[in-house]
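J.: I'd like to ask some things about the structure below.
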Amino acid sequence: MNLLLLLGIPLLTGLLVLLVSTKVQVRWVSFVGATAQLIASFLLFFAFRTEIADQNTAQFLFEVDYTLIESFNIHFHLGVDGISVAMILLTSFVVVAGILVSWNIEKMTKEFYFLLILLSLGAYGFFLSLDLFVLFFFLEMAVIPKYLLIGIWGSGKKDYSANKLALMLMGGSALILVGMLGLYFIGGHEFNIVHLSKLTISTDYQHLIFPFLFLGFGVFTALFPFHTWVPDGHSSAPTAGSMFLAGISMKLGGYGCLRVAIYLLPEGAKEYAHIIIVLSSIAILYGAFVTMMQKDLKYMNAYSSISHVGFSLLAMAMLTQTAITGALMQMISHGLMTALFFAVIGMIYDRTHTRMVDEMGGLMKTMPFITTVLFLVGFCSLGLPGLSGFVAEMTVFVGSWQVDDWFHRAATIAAIMSIVVTAVYILRAIGSTAMGPIKNPSFATLKDATWNEKLAAVILLIGIIGIGIAPSWLSNLLKPAAEIITNRIMGK
Amino acid sequence: MKTELIVTIIIFLLLFIKLGKDIKNEQLLPFIQFVLLVNFIASFFYNVDGSLFGDMFYTNSLIAFEKSILSLGVYLISLLSTDWLKKTSHLPEFFILMLSALLGMCLLLSSGNLLIFYLSLELATIPIAAMSNFDLIKKRSSEAAMKMILSSAFSSGILLFGISLIYGITGTIVFAELPKLADGSSLFIMAFVFLFSSFAFKLSIVPFHLWTADVYEGSPIAVTSFLSVVSKAAIAFVLLTVLSGVFQPLQDIWYVLIVVLSVASMLIGNLFALRQENIKRFLAFSSIAQVGFILVGVSGNSNIGISSVVYFMLIYMVSNLAAFGVASVISEQTGKENISDYKGLYKNNPLLGWVLALALFSLAGIPPTAGFFGKLYLLTTGGSKGSYLFISIAALNMIISLFYYLRVVRAVFIDKNNQPIEKLTIQLPVKLALFVCSVSIVLLGIMGWIFDYIESLH
């Protein structure tokens, strides 16, 4: 399997979108491109499984390596392990769904789809690259599309949100840049992740560099207290924008924290793990309690995202194999779930023109499909068995509980407590939205989901239920890669 | 010597044309543009290393490449300002002045001793002051020219003082001999500071930047872009040669100097750019901040540092010229030069909107534009000295700069305006130049071999 294919398809789709003229063509070109990418991701997944079944023990498979700039030793170096394969699958699911739910965008359609595809290209490239420079290139490439998506097609205080998001994310990348250059010079002019991971870097130096990289990527993944762009950005963005932001973009940060910060600087990770645990515990509880106070469905999902992403950061900082696998599963599960949640909120908003929970009611009677999906995704969020949320959170808690001292136990217990709060706000929100009498007479005539919305929801639900019922295929994918990371932490 | 000769021939050609019967601007301009293109293409061929006139003039492949960059800049400016140039009543004179300045810059790059260095620096400066005055009916234009000539006369005085001190200490003015004789005495350091402040003045490094904004605002856009792109590139190239060649023994001293001035330029340029309304002033302050970034690369003091500065200057040139080109089209056809006038530009002029956005993203250093690569290479070479504080400040400044570049992008794409700028007609040469700039902005970075090529020229 040639990994360039996975970059080529979005690139080609983007160019085609620019070339075709009518809105209908733009939509179909993007949809076909995204579907082709989904198929390619599945091909990658099966090819990867075949290689593993054939006892291929290389850390990264299907490597591609071209020299980009010889003078700086920068290589266009791609390769995948289980984590990247899972992340690429997640991305292609969300992209297809995002394109489907934006079917009715009339304002500057071509630009909208082009930016979505550019954003997805950044994400694919990020998950594929094994060279820090190229990784950073793709990470930053995804920032400006987000700004424009929110600024042009957003709602509410979009100017403020778009600026805040762009500047905070750029701040994050500035930190990453400094950390990255630090690694470059200590490694003897080396950006290659594989080479850097073989290096023994002095403990002092790791302590110096680690905060730059972890905080930098942490900004992307809403690490407390750098989470403030999340609620504003998510709630101002158009539906597909929110789906991409929460489903893909926040995962870039989580992946970076693990692959770059923790993997390359294990001593730094050990030194700062307790601080990360404290911060993510605060994020989990704070996110959950703030969500309880929200009336706006989008703000609600944005704050609950902070809480859910907190789980994966918490689990990462536990530094055990099960916990890290759990962190990754939580990232995948949250990506699918939150994308679907935003999609459903978008569908409801398109019809009712409100996102306020207390203005809605009885939607079950008029739009059974949409509300059923809302129920399912809500249950996933609060961790109902059979859906992906349960599997991921269980793995996180089991993995965290394995670290047996009072500090880690206390953090784990605090995180578990938040489940109760989650149940309260989810049930209350979907209850008062879907059940009861129809509050507003104009809601009685609303139409249920159209074909594209149904398809988008079904695609994401396949992912959620697929993980929920048969989690082993995902955990088998992630475990070996997580083991390599924990081995490095243990110093093996 | 070849580029200098060709430029001189073109100057004389234009003089003869001026003496002959009147030719309409519509006919003359395409001819001039063609000749400049020939000059640019010719600059790549038959380049010989060597020196002339007793080491007064020397050249090598890197210098030849730098001259090609300058020629490209002049050619692009001649295309981009088509609207304005067609209206001007003294077309041949304008190009005679601009090419004289170019001749001065080429000689400057090749200068092998302090005397020819001073001479060519003056040749590169004085015509620009005359060019600033080219909007004859505008008061601001004369004001700009006056400010320019007075302050550059002052800086020349300081430069001459520095040169005379150096001659007094070492007894030589030949670049090749100076490093051996540089003794690091306080007097020599003082002479160096005088010399350096003249550079700083020409490059508008903070705190020698005060003339910049007014001159940029008052001059015609063609001159502003020449001043901020071609002139700056030439001086930056010479600064590299002088610092890493002549003043190599003093490198511990000038490293500190460069770091302090770089931080000051980035911070002050950025903070002032935040509040500008006029697009020319805005670009003036942003270019001060960009010079701060260039100094980051200069501070690396290595061959790869020189390459990254040359590479960045090339990228900076196409990005800045694209931005100035759009500003020039809008200013010539509507007379609007304020950022608030750009609101809703995208609605009627999507092409101009995209080009401007691309240029600004490149200046801000956002991938996949070339500016990202340029800035990252500068930071990488600057970071080789291990000063993380310095690199962190530079990285933080990238965020501030993003904020004000986004302000323009927001005006173009997002802000609503009841009377947006109507559909503008873009002339063919302008279209061509904007196309060249945009394609370079996208491709220069991704095609990494260009950097390796510059690196191989040493």
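J.: Tell me yes or no: at least one residue of the range A:248-258 is closer than 30 Å to A:SER155 by Cα, modelled with pLDDT under 90 and of a type in the set (S, T, N, Q).
T.: yes
J.: Given (1) among the hydrophobic types (A, V, I, L, M, F, W, C); (2) more than 24 Å from A:ALA97 (Cα to Cα); (3) assigned to a helix (DSSP H, G or I), where does A:VAL403 come up short, assuming only one miss?
T.: (3)
J.: Let me ask something additional. Which of the following residues is surrounded by 22 or more Cβ atoms within 10 Å (Cβ to Cβ), in contact (Cβ under 8 Å) with a residue 40 or more places away in the chain and over 20 Å from B:MET131 (Cα atoms): B:ALA101, B:ALA64, B:ALA42?
T.: Of the residues listed, the single one that is surrounded by 22 or more Cβ atoms within 10 Å (Cβ to Cβ), in contact (Cβ under 8 Å) with a residue 40 or more places away in the chain and over 20 Å from B:MET131 (Cα atoms) is B:ALA64.
J.: So the check is Cβ under 6 Å with 6+ separation or different chains; which pairs have a first residue in the range A:425-442 that's more than 16 Å from A:LEU382 (Cβ to Cβ) and a second one that's of a type in the set (A, V, I, L, M)?
T.: Note: pairs meeting the criteria are A:ILE438/A:ALA444.
J.: Check whether at least one residue in the range B:132-155 is part of a helix (DSSP H, G or I), under 26 Å from B:MET1 (Cβ atoms) and at pLDDT below 90, and report yes or no.
T.: The answer is no; no qualifying residue exists.
J.: Please work out if A:LEU115 is of a type in the set (A, V, I, L, M), free of Cβ contacts under 8 Å to residues at least 40 places away in the same chain and within 8 Å of another protein chain (Cβ to nearest Cβ).
T.: In short, no.
J.: In the range B:282-301, what residues are of a type outside the set (A, V, I, L, M, F, W, C) and more than 18 Å from B:ALA364 (Cβ to Cβ)?
T.: B:SER299, B:GLY300, B:ASN301 - these are the residues of the range B:282-301 that are of a type outside the set (A, V, I, L, M, F, W, C) and more than 18 Å from B:ALA364 (Cβ to Cβ).
J.: Ok, one more. Residues B:PHE134, B:PHE57: which one is more than 27 Å from B:PHE312 (Cβ to Cβ), in contact (Cβ under 8 Å) with a residue 40 or more places away in the chain and over 16 Å from the mean Cα position of the chain (by Cα)?
T.: Only one candidate qualifies: B:PHE134.
J.: Among the candidates B:PHE194, B:PHE272, B:PHE201, single out the residue that is in a helix (DSSP H, G or I) and in contact with a Ser or Thr (Cβ under 6 Å, 6 or more places away or on another chain).
T.: Exactly one of B:PHE194, B:PHE272, B:PHE201 is in a helix (DSSP H, G or I) and in contact with a Ser or Thr (Cβ under 6 Å, 6 or more places away or on another chain), namely B:PHE201.
J.: Of everything in the range B:332-379 that's of a type in the set (Ser, Thr, Tyr) and touching a helix residue (DSSP H, G or I) at 6+ places or on another chain (Cβ under 6 Å), which residue is nearest to the other protein chains (Cβ to nearest Cβ)?
T.: Ranking the qualifying residues of the range B:332-379, first place goes to B:TYR377.
J.: Further, regarding this structure: If B:THR82 satisfies every condition in (1) surrounded by 19 or more Cβ atoms within 10 Å (Cβ to Cβ); (2) of a type outside the set (Asp, Glu); (3) closer than 27 Å to B:GLY157 by Cα but one, which is the exception?
T.: In the conditions (1) surrounded by 19 or more Cβ atoms within 10 Å (Cβ to Cβ); (2) of a type outside the set (Asp, Glu); (3) closer than 27 Å to B:GLY157 by Cα, B:THR82 misses (3) alone.
J.: Another question, then. Give the range A:119-133 a look and list any residue that's over 16 Å from the mean Cα position of the chain (by Cα) and within 10 Å of chain B (Cβ to nearest Cβ), or say none.
T.: Listed by number, the list holds a single entry, A:PHE133.
J.: Please go through the range A:211-229 and pick out each residue that is touching a Leu at 6+ places or on another chain (Cβ under 8 Å) and either charged (D, E, K, R) or farther than 15 Å from A:LEU313 by Cα (or both).
T.: A:PHE212, A:TRP229
J.: Which fully enclosed helices (runs of 4 or more DSSP H) of the range A:159-253 have 1 or more residues being among the charged types (D, E, K, R) and within 14 Å of chain B (Cβ to nearest Cβ)?
T.: In the range A:159-253, the matching helices (runs of 4 or more DSSP H) lie at A:203-220.
J.: Regarding the range B:213-231, can at least one residue be identified that is assigned to a loop (DSSP other than H, G, I, E, B) and at pLDDT below 90?
T.: Yes, the conditions are met somewhere in the range B:213-231.
J.: Same structure again: Starting from the range A:237-264, keep only residues that are closer than 14 Å to A:THR338 by Cβ, then list their pairs with residues that are acidic (Asp, Glu) and surrounded by fewer than 24 Cβ atoms within 10 Å (Cβ to Cβ) whose Cβ atoms are within a distance under 6 Å, requiring at least 6 positions of separation or different chains.
T.: Hits for this filter: zero, empty list.
J.: Restricting to the range A:46-78, and then to whatever is more than 14 Å from every other protein chain (Cβ to nearest Cβ) and on the phi > 0 side of the Ramachandran plot, can you tell me which residue is farthest from the chain's Cα centre (by Cα)?
T.: So, considering only residues that are more than 14 Å from every other protein chain (Cβ to nearest Cβ) and on the phi > 0 side of the Ramachandran plot, the one farthest from the chain's Cα centre (by Cα) is A:GLN55.
J.: Then there's this: Say we look at the range B:406-425 and pick out the residues that are aliphatic (A, V, I, L, M) and more than 25 Å from the chain's Cα centre (by Cα); which of these is nearest to A:VAL143 (Cα to Cα)?
T.: Applying the filter and picking the extreme gives B:ILE414.
J.: Here's another thing I want to ask about it. When the residues of the range A:59-82 are narrowed to those that are of a type in the set (Val, Ile, Thr) and out of contact with any Leu (no Cβ under 7 Å at 6 or more places or on another chain), which ends up nearest to B:SER302 (Cα to Cα)?
T.: Restricting to residues being of a type in the set (Val, Ile, Thr) and out of contact with any Leu (no Cβ under 7 Å at 6 or more places or on another chain), the top hit is A:ILE69.
J.: Would you pick out the residues in the range A:54-91 that are out of contact with any strand residue (DSSP E or B) (no Cβ under 7 Å at 6 or more places or on another chain), modelled with pLDDT under 90 and crowded, with 24+ Cβ neighbours inside 10 Å?
T.: A:GLY82
J.: I'm trying to understand the selection: among the residues of the range B:419-458, which are within 14 Å of chain A (Cβ to nearest Cβ), in a helix (DSSP H, G or I) and of a type in the set (Gly, Ala, Ser)?
T.: Hits for the range B:419-458 are B:SER438, B:GLY445, B:SER456.
J.: Can you tell me which residues in the range A:294-332 are of a type outside the set (Asp, Glu), surrounded by fewer than 24 Cβ atoms within 10 Å (Cβ to Cβ) and under 20 Å from A:LYS157 (Cα atoms)?
T.: Answer for the range A:294-332, where residues must be of a type outside the set (Asp, Glu), surrounded by fewer than 24 Cβ atoms within 10 Å (Cβ to Cβ) and under 20 Å from A:LYS157 (Cα atoms): A:GLN294, A:LYS295, A:LYS298, A:TYR299.
J.: Additional query: Touching a Gly at 6+ places or on another chain (Cβ under 8 Å), within 10 Å of another protein chain (Cβ to nearest Cβ) and surrounded by fewer than 24 Cβ atoms within 10 Å (Cβ to Cβ), is that true of B:ILE400?
T.: no
J.: Quick one: is A:ILE152 more than 17 Å from the chain's Cα centre (by Cα), within 12 Å of another protein chain (Cβ to nearest Cβ), buried (at least 21 other Cβ atoms within 10 Å of the Cβ) and among the β-branched types (Val, Ile, Thr)?
T.: When the stated conditions are applied, A:ILE152 does not pass them.
J.: Looking at A:SER432 and the list (1) under 23 Å from the mean Cα position of the chain (by Cα); (2) hydroxyl-bearing (Ser, Thr, Tyr); (3) surrounded by 13 or more Cβ atoms within 10 Å (Cβ to Cβ), which single condition is not satisfied?
T.: The number of the failed condition is (1).
J.: Only one of these conditions is not met by A:PHE210: (1) over 25 Å from A:THR67 (Cα atoms); (2) without any contact (Cβ under 8 Å) to a residue 60 or more places away in the chain. Which number is it?
T.: It fails just one condition, (2).
J.: Checking A:VAL94 against (1) over 18 Å from A:LEU4 (Cα atoms); (2) away from chain B (no Cβ under 12 Å); (3) touching a helix residue (DSSP H, G or I) at 6+ places or on another chain (Cβ under 6 Å); (4) modelled with pLDDT under 90, which test does it fail?
T.: (4)
J.: Given (1) in contact with a Phe, Trp or Tyr (Cβ under 9 Å, 6 or more places away or on another chain); (2) more than 14 Å from chain A (Cβ to nearest Cβ); (3) assigned to a helix (DSSP H, G or I), identify the lone condition not met by B:LEU267.
T.: (1)
The values are calculated or read from the model by the stated rules, or taken from the named source; none is laboratory data. Everything quoted here is computed from the prediction, not taken from an experiment. Note that we place each Cβ from the backbone using ideal geometry, even for glycine, and neighbour counts take in every protein chain shown.
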